[in-house]
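Undergrad: The structure is given below, and queries will be raised subsequently.
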Amino acid sequence: MRVGRLGLVTLAVLLCAGACASAAADLSKAVVLTAGAAADPVERQAATMLRWEVQRRTGLDLKQAAALPAADVPAVIVGSRERMPALPAGARLPDAPMKDGKPAAEGYVLAVDTQSRTAPTVYAIGNDRRGALFAVGRLLRAVDWAQGSLRAPGDLHISSAPAYPIRGMQLGYRETNDTVDAWDVGQFAQYVRDLICFGNNSIELIPPLYPGSAEQASASPTMPIPTWDMTLALCSLLDAYDMDVWFWLPIEGDMSKPPDRERYLRQCEGLFAACSRIDAVFIPAGDPGSTPPQVLVQFLPEFQQILQKHHPKARLWLSTQGFEAEALNWFYEYVQKNQPDWLAGVVYGPWAKDSLEHTRAVVPAKYPIRAYPDITHSRNCQYPIPDWDEPWAQAYDRQPLMPRPTQMAHICTLQSPDTVGAIAYSDGVGDDLNKIVWDAYLWDPKADLREVLRDFGRCFVGPEFADGVAEGQLMLEKNWTGPALASPQVPETLAHWQATEKRAPEKALGSWRFQQGLIRAYADAYVQKRLQQETALLDRAYAELKKAPQVGAAAAMASAEAILKQDDPAAAAPELRRRVDDLAAMLFKSIGMELSVEKYGNHAVDRGALLDTVDRPLADGAWLLLEFPRIRTLSSEQEKLARLDRLVNWENAGPGGFYDDFGNGANGKEPHLVLEPGWQKDPGYVVSAQDEHGGPNYPEARLSWCNQAQTLYWTPLRMRYTGLDKNATYVLRAVPGGRFNPTMQLYFNGQKFGEPITTDKANLQVVEFEVPRSATATGALEVTWEKLTGRGPQVAEQWLIRK
């Protein structure tokens, strides 16, 4: 029976109450049904996707047909309400998800019918052709599968539509990527299908401007084909799935100079003409990008004309990432006054110097805002990991394998209401779970996180591992919250993954997503063992240095040095280290993940090269070993003893004094830092103080100098002290600076003090100031650091010492 589109919209809920059987529906011999020649190519692609993915998981080769099979043969009907396949007699679909009185774009229904035919019938029907794809993706999340077996829940009954129209990921085939640059077109296609299962409808590519461009010349050694060829192939691939194709296209050259402008536009036209599909182009105004907005608004209308010459429906989006205060205000005033037609919308990305809420308030409502969240970096980024201990930062650097399910769900639901969705920044698959969470929550902000994670495990590892993988991902996130040294969470997490590993069949162990969970659990346990070993040696060394007044500086240093040189990273837990190596090799083979620069072709150590960073020093032993030769050059024994005493009592502010190791909030060592409003309300730390990891190159400085407290842009960095002696004089000692190399002005209780302080991250210095007695006369003191230059104020350590 063929039913008209208008009639379907008004059909009642599938079957009467209680009619849907709860027993699993066996689909092992199912026929996949489409509308045949009448079906849209994307609807046929949805059916093909289902068959491919079922075969990959189970080995079953489901047949495809355009007419219902015999009543005793299970059927999966894939299509849209616009082009409906034949339904069983008397079948009734669930009500279509609606929006504004009409079927919602990209929505679908998914249900099992055990009443209309002898064998079960599954309906995977979209409101439109994309909806058919998402219905199939949701079915793949729901089914239980094994070799030769495929079953759907008998009570499966879903009617769903996305909350946000833009749900995408950036997949950059470029040398800085730690995985994607090793993929061929087939691996891209597989990953696109994986993302579709969780509602993704957009992929942002990073194209070269022309064959032989700089991007081509610096191609990764792992790339199977040139970037130009891959870009053209991916445009065609994404078009086959009706995925929106976005280009991330920084401006190259000075667009105020006619030769640069003409060259750039000519190259862009060649790119646009060669690509089969482009839906939007996103031009970042920063990171990279430095074109002033006054130049951009003169240049971009011509750029838009060339784009639409070859892709008439394509639109142009612009971010404000690189605009400083004056440029930012100029841009806001320009769009408010002129409301240009060439601008489709504004992208809110990392290092935008206003909050998302303020951007939405000042940009005219006609321009949607698309988020560009950084979900791939752990530090020096838009959303640093809160309460992250410095040893993790040393061992994993900036682009680790880092599932952050609860944090990403929170960020997405908090910030998305001011947007039309997001296409996230990514540079590999270390953030794979974060991608899934963003897609799932952009589809449904009220999603149950544990169910999303269970779907992740069921779909990509195996139904019997749904709970284990879900719990394991949550445990990995908890590993990195709070102190690393004695955290009981780390060994608990390893035990969980090891127990799951023991009962996993070979197919599950071959899943790269399972391998990712394993390597993080093993690596975390290895890092903790190393930290415990180094800390124990450091404690013994300090004990020897305390004997210096009795045994002499030289003897104390010699004893401490001998202890510290016993440190051997691999000896802390050699079996764990070997397993990390083994899993790294497996990940390179299974997904092309490049966990080493030399061994696997990663672009840089800070791009996820775990094998190259996991043995870095984690405590201050390396720093002490550098200090001893300097102390030996001092001219007198008295000077040497004084310097050793300073090292041993580094964090001791004396009677009535206060010490803060800023950036070390994970261990509660910054009690005087003013944090509000804090991570929960401000996860991008636009107006909140944050812990910054990765200052000077370790071990050239104390570990405490490798992390700082900082604020961004125009927000001052504040510390608050109470309980001071009103009659005493205090000295403020500090280590100002960090990777921003800020120039800062110091204030006491809002009153400017002294001259501006310049900093150099390569040569941090301890500075001291006597605090005016008037500033502490009430028994309280607020110390404020304001940036004059740089990205924001930064301070690594601070003492308030009573004289």
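Undergrad: Would you mind telling me which numbered condition in (1) in contact with a Pro (Cβ under 9 Å, 6 or more places away or on another chain); (2) in contact (Cβ under 8 Å) with a residue 12 or more places away in the chain; (3) of a type outside the set (D, E, K, R) A728 fails?
TA: (1)
Undergrad: Related question: Go through region 20-115 and tell me which strands (runs of 3 or more DSSP E), entirely inside it, have 2 or more residues that are in contact with a helix residue (DSSP H, G or I) (Cβ under 8 Å, 6 or more places away or on another chain) and among the small types (G, A, S). Give the derivation first.
TA: Values: elements: 31-33, 63-65, 75-80, 108-113.
Counting at least 2 such residues, we get 75-80.
Undergrad: Let me ask something else. Any chance you could count how many residues in region 333-350 are surrounded by fewer than 21 Cβ atoms within 10 Å (Cβ to Cβ) and either assigned to a helix (DSSP H, G or I) or aromatic (F, W, Y) (or both)?
TA: 7
Undergrad: In this structure, does Q798 turn out to be more than 29 Å from the chain's Cα centre (by Cα), crowded, with 17+ Cβ neighbours inside 10 Å and closer than 30 Å to A622 by Cα?
TA: Working: more than 29 Å from the chain's Cα centre (by Cα): yes; crowded, with 17+ Cβ neighbours inside 10 Å: yes; closer than 30 Å to A622 by Cα: yes.
Considered against the rule, which asks whether it is more than 29 Å from the chain's Cα centre (by Cα), crowded, with 17+ Cβ neighbours inside 10 Å and closer than 30 Å to A622 by Cα, Q798 comes out as yes.
Undergrad: Quick check: is even one residue across region 631-638 hydrophobic (A, V, I, L, M, F, W, C) and under 22 Å from K547 (Cβ atoms)?
TA: So the first thing to find is which residues in region 631-638 are hydrophobic (A, V, I, L, M, F, W, C), and the list is 631, 634.
In the following step, the residues that additionally are under 22 Å from K547 (Cβ atoms) were identified as 631, 634.
Within region 631-638, one or more residues are hydrophobic (A, V, I, L, M, F, W, C) and under 22 Å from K547 (Cβ atoms).
Undergrad: Where the second residue is outside any loop (DSSP other than H, G, I, E, B) and acidic (D, E) and the first is without any contact (Cβ under 8 Å) to a residue 60 or more places away in the chain and lies in region 652-669, which pairs have Cβ atoms under 7 Å and are six or more apart or on separate chains?
TA: The qualifying pairs are K669/D660; K669/D661.
Undergrad: Quick one: which of A447, A409, A422 is under 28 Å from A135 (Cβ atoms), of a type in the set (A, V, I, L, M, F, W, C) and over 18 Å from the mean Cα position of the chain (by Cα)?
TA: Working: A409 fails: over 18 Å from the mean Cα position of the chain (by Cα); A422 fails: over 18 Å from the mean Cα position of the chain (by Cα).
Result of the check over A447, A409, A422: A447.
Undergrad: Hey, another quick one. Pick from region 128-156 the residues that are in a helix (DSSP H, G or I) and of a type in the set (D, E, K, R): which of them is surrounded by the fewest Cβ atoms within 10 Å (Cβ to Cβ)?
TA: Going residue by residue through region 128-156, those that are in a helix (DSSP H, G or I) are 129-142.
Imposing the further condition that a residue be of a type in the set (D, E, K, R) reduces the set to 129-130, 138, 141.
Working: R129: 21, R130: 25, R138: 22, R141: 19.
Going through the qualifying residues, I end up with R141.
Undergrad: Is it the case, given these coordinates, that E43 is under 22 Å from M98 (Cα atoms), surrounded by 17 or more Cβ atoms within 10 Å (Cβ to Cβ) and modelled with pLDDT of 50 or more? Working first, answer last.
TA: On the way: under 22 Å from M98 (Cα atoms): yes; surrounded by 17 or more Cβ atoms within 10 Å (Cβ to Cβ): yes; modelled with pLDDT of 50 or more: yes.
Considered against the rule, which asks whether it is under 22 Å from M98 (Cα atoms), surrounded by 17 or more Cβ atoms within 10 Å (Cβ to Cβ) and modelled with pLDDT of 50 or more, E43 comes out as yes.
Undergrad: Any chance you could count how many residues in region 584-601 are modelled with pLDDT under 95 and buried (at least 23 other Cβ atoms within 10 Å of the Cβ)?
TA: The number of residues fulfilling the criteria is 0.
Undergrad: Which pairs turn up if I take residues in region 346-357 that are farther than 17 Å from W714 by Cβ and look for partners that are at pLDDT 90 or above and basic (K, R) with beta carbon separation below 6 Å, at least 6 apart in sequence or on another chain?
TA: Every condition considered, the pairs that remain are V347/R370.
Undergrad: Which residue out of G510, G517, G462 is more than 24 Å from G668 (Cα to Cα), in contact (Cβ under 8 Å) with a residue 12 or more places away in the chain and loosely packed, with under 15 Cβ neighbours inside 10 Å? So that I can check it myself, show each step before the final result.
TA: On the way: G517 fails: loosely packed, with under 15 Cβ neighbours inside 10 Å; G462 fails: loosely packed, with under 15 Cβ neighbours inside 10 Å.
Within the list G510, G517, G462, the selection yields G510.
Undergrad: Determine which single condition R174 fails, assuming it passes every other condition in (1) surrounded by 19 or more Cβ atoms within 10 Å (Cβ to Cβ); (2) not assigned by TED's automatic domain parsing to the domain that holds W317.
TA: So the condition that R174 fails would be (2).
Undergrad: Let me ask something else about it. Scan L576, L641 and give me the residue that is over 19 Å from K546 (Cβ atoms) and touching a residue at least 24 places away in the same chain (Cβ under 8 Å). Break it down into steps so the answer makes sense when it comes.
TA: Numbers: L641 fails: over 19 Å from K546 (Cβ atoms).
L576 is the lone residue from the list that is over 19 Å from K546 (Cβ atoms) and touching a residue at least 24 places away in the same chain (Cβ under 8 Å).
Yes/no per residue for (1) surrounded by fewer than 24 Cβ atoms within 10 Å (Cβ to Cβ); (2) in contact with a Lys or Arg (Cβ under 9 Å, 6 or more places away or on another chain); (3) not assigned by TED's automatic domain parsing to the domain that holds P350:
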| position | (1), (2), (3) |
| --- | --- |
| P373 | no, no, no |
| C381 | yes, yes, no |
| P386 | yes, no, no |
| Q399 | no, yes, no |
| Q407 | yes, no, no |
| H410 | yes, no, no |
| S416 | yes, no, no |
| G421 | yes, yes, no |
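Undergrad: From Q298, Q305, Q267, Q294, grab the single residue that is surrounded by fewer than 15 Cβ atoms within 10 Å (Cβ to Cβ) and under 26 Å from M243 (Cα atoms).
TA: Numbers: Q298 fails: under 26 Å from M243 (Cα atoms); Q267 fails: surrounded by fewer than 15 Cβ atoms within 10 Å (Cβ to Cβ); Q294 fails: under 26 Å from M243 (Cα atoms).
Residue meeting the stated conditions: Q305.
Undergrad: Let me ask something additional. Among the residues of region 52-70, write down those that are surrounded by 20 or more Cβ atoms within 10 Å (Cβ to Cβ) and not aliphatic (A, V, I, L, M).
TA: Result: E53, R57.
Undergrad: Which one of the conditions (1) in a helix (DSSP H, G or I); (2) without any contact (Cβ under 8 Å) to a residue 12 or more places away in the chain does Q394 fail to meet, given that it meets all the rest?
TA: (2)
Undergrad: Further, regarding this structure: Return yes when D100 is charged (D, E, K, R), surrounded by fewer than 20 Cβ atoms within 10 Å (Cβ to Cβ), modelled with pLDDT under 95 and out of contact with any strand residue (DSSP E or B) (no Cβ under 8 Å at 6 or more places or on another chain) and no when it is not.
TA: Values: charged (D, E, K, R): yes; surrounded by fewer than 20 Cβ atoms within 10 Å (Cβ to Cβ): yes; modelled with pLDDT under 95: yes; out of contact with any strand residue (DSSP E or B) (no Cβ under 8 Å at 6 or more places or on another chain): yes.
In short, yes.
Undergrad: Could you tell me which numbered condition D615 fails, if it satisfies all but one of (1) of a type outside the set (A, V, I, L, M); (2) crowded, with 19+ Cβ neighbours inside 10 Å; (3) not in a helix (DSSP H, G or I)?
TA: Evaluating D615 over (1) of a type outside the set (A, V, I, L, M); (2) crowded, with 19+ Cβ neighbours inside 10 Å; (3) not in a helix (DSSP H, G or I) leaves (2) as the failure.
Undergrad: If you don't mind, another one. Output yes when any residue across region 253-276 is closer than 25 Å to P373 by Cβ and of a type outside the set (D, E, K, R), and no when none is.
TA: The first filter runs over region 253-276 and keeps only residues closer than 25 Å to P373 by Cβ, leaving none.
So far as region 253-276 goes, no, none of its residues is closer than 25 Å to P373 by Cβ and of a type outside the set (D, E, K, R).
Undergrad: For region 366-379, does any single residue satisfy the condition of being under 19 Å from T711 (Cβ atoms), in contact with a Pro (Cβ under 9 Å, 6 or more places away or on another chain), of a type in the set (D, E, K, R) and not in a helix (DSSP H, G or I)?
TA: Looking through region 366-379, at least one residue is under 19 Å from T711 (Cβ atoms), in contact with a Pro (Cβ under 9 Å, 6 or more places away or on another chain), of a type in the set (D, E, K, R) and not in a helix (DSSP H, G or I).
The values are calculated or read from the model by the stated rules, or taken from the named source; none is laboratory data. Predicted model, so just to flag it, every value in this text is computed and none were measured. All Cβ positions, even for glycine, are placed from backbone atoms using ideal geometry, and neighbour counts span all protein chains on display.
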